[in-house]
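The values are calculated or read from the model by the stated rules, or taken from the named source; none is laboratory data. Only a predicted model underlies this, so the values are computations on that prediction, with no experimental measurement involved. Cβ coordinates were reconstructed from backbone atoms using ideal geometry, including for glycine residues, and neighbour counts include every protein chain displayed. When the accessible area is computed, the model is the full protein with side chains, heavy atoms only, and any ligands, DNA or RNA have been set aside. Shrake-Rupley method; radii C 1.70, N 1.55, O 1.52, S 1.80 Å.
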Amino acid sequence: MKNQIYTFFLLLVSATCCLPIFSQNSFDDFLKGQPVIDMHLHITKGYDDNENYRHLNTDIDKAKLDWIIQDYRSNNVVLALGGGPLKYAKVYAKTDGLFWSGLIFPCMITVEQDQPCTKEFYSETELREIYKSGNFKSLGESMFNYYGIPPTDTRLEPYWKIAEEFNLPVGIHADSGPPVENVNKGEKPNYDPVFANPELLIPILKKHPKLKLYLMHYGGEYSEQSIQLMKAYPQIYCEISAVSMFMPKKVWEPNVKKLYSEGLGNRLMFASDYFGTVRKNMEIIYNLDWLSDQQKRDIYYNNAAQFLNLSKSEIESHHEKVN
Ligand SMILES: [Zn+2]
């Protein structure tokens, strides 16, 4: 999700509906020794007018990266999956094991945040080369709904193929997202929310049965379709970013409860999506008072560790980092 007007409107809604109901001290205690994996980061260029990070480095791109690293360290985030344009995905891939980065797909020449987007669609050969040489370990977020094409568009086939070949976790934008009228027409003239319906992924999964997808923004409009897909494909996981931060709790919480009543709670992972909202998203999980402490810890770390097939030594080193 990337629309500012939509964000502003929904922030207003959330500000009036879901004030924190806990003490920061008990939350800090809970987080002691608790590693966190953020499954949804947007890798972008730095912005000169950003008050949070512009003072950190004369190179604004590095300043943004420095700020993200600081923010992750202070919130126990030991690993983040993030996609962006090739240039910046490469920079993050080189950063000390903190990021599993990759391409957003497709990037859009018209979208400011996607710059530099030198090529909207890569060929299979190009993608294989990029993933072989770039130390890239993930793919996503998918942007085909913003581009205005279904996942079955032939220009996307190389991405599914390479993701399966390299066993990449693929982040799929799977909520309807902002209404068409709220999206910047100059940037995304063909945006169509229906292409985010996860049912449309079925032909892709039939063709590439080992694809390791995770559904971003579970809990909104396509919750039922997401549940059906997750039941059919045990390797598919999900996260609730953006929906849980911007939509009223009464809309998304029943859908998260349903995930548990359907036996799929162990596939829910932590994710932030929006720059600077890691702590806020961690609080949202912590405030789900019907979850056990163990279930919250599973969301913060264990479910993602399982999904990503982390080794015993990787898991140990993540725990050491926060002790
Ligand atoms: Zn996103």
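Rolling a 1.4 angstrom probe over the chain with all protein chains present gives an accessible area of which 53% lies on carbon and sulfur atoms.
Counting helices only, and only those DSSP H runs with n ≥ 4, report the 222 nm mean residue ellipticity of the chain as the sum of -39,500 (n - 2.57) divided by its residues, in deg cm²/dmol to the nearest 500.
On the way: 15 runs with 130 residues, N = 323.
The helix contribution divided over the chain gives -11000 deg cm²/dmol.
Peptides 98-105, 110-117, 294-301 ordered by packing proxy, namely the average of other Cβ atoms within 10 Å per residue, highest first: 98-105, 294-301, 110-117.
Can you tell me which of 222-232, 49-59, 140-150, 183-193 comes out highest on packing, and rank the rest after it, using the mean Cβ neighbours within 10 Å?
Sorting 222-232, 49-59, 140-150, 183-193 by mean packing, highest first, produces 140-150, 222-232, 183-193, 49-59.
Averaged per residue, segment 173-323 has 42 square angstrom of accessible surface, using a 1.4 angstrom probe with ligands and nucleic acids left out. About the centre of its Cα atoms, the chain shows a dipole size close to 500 debye [charges on the beta carbon of Lys, Arg (+1) and Asp, Glu (-1) only; nearest 20 debye]. As a calculated quantity, the FRET efficiency between GLU165 and LYS206 at R0 = 22 Å, using C-beta atoms, amounts to about 0.85.
Take every pair of alpha-carbon atoms less than 8 Å apart whose residues are at least six positions apart; their mean separation over the length of the chain yields a relative contact order of 20 percent.
Distance between the modelled labels on LYS258 and GLN70, one decimal in nanometres: 4.2 nm (7 Å Cα→Cβ projection).
Think of each Lys and Arg Cβ as +1 and each Asp and Glu Cβ as -1; about the Cα centre, that makes the dipole of segment 67-186 roughly 380 debye.
What residue among TYR233, GLY33, TYR191 has its Cα farthest toward the positive end of the dipole of the chain, where the charges are +1 on Lys, Arg and -1 on Asp, Glu, each on the Cβ? Highest projection toward the positive end goes to TYR233. Centroid-to-centroid, using Cα positions, segment 280-323 and segment 229-264 are 17 Å apart.
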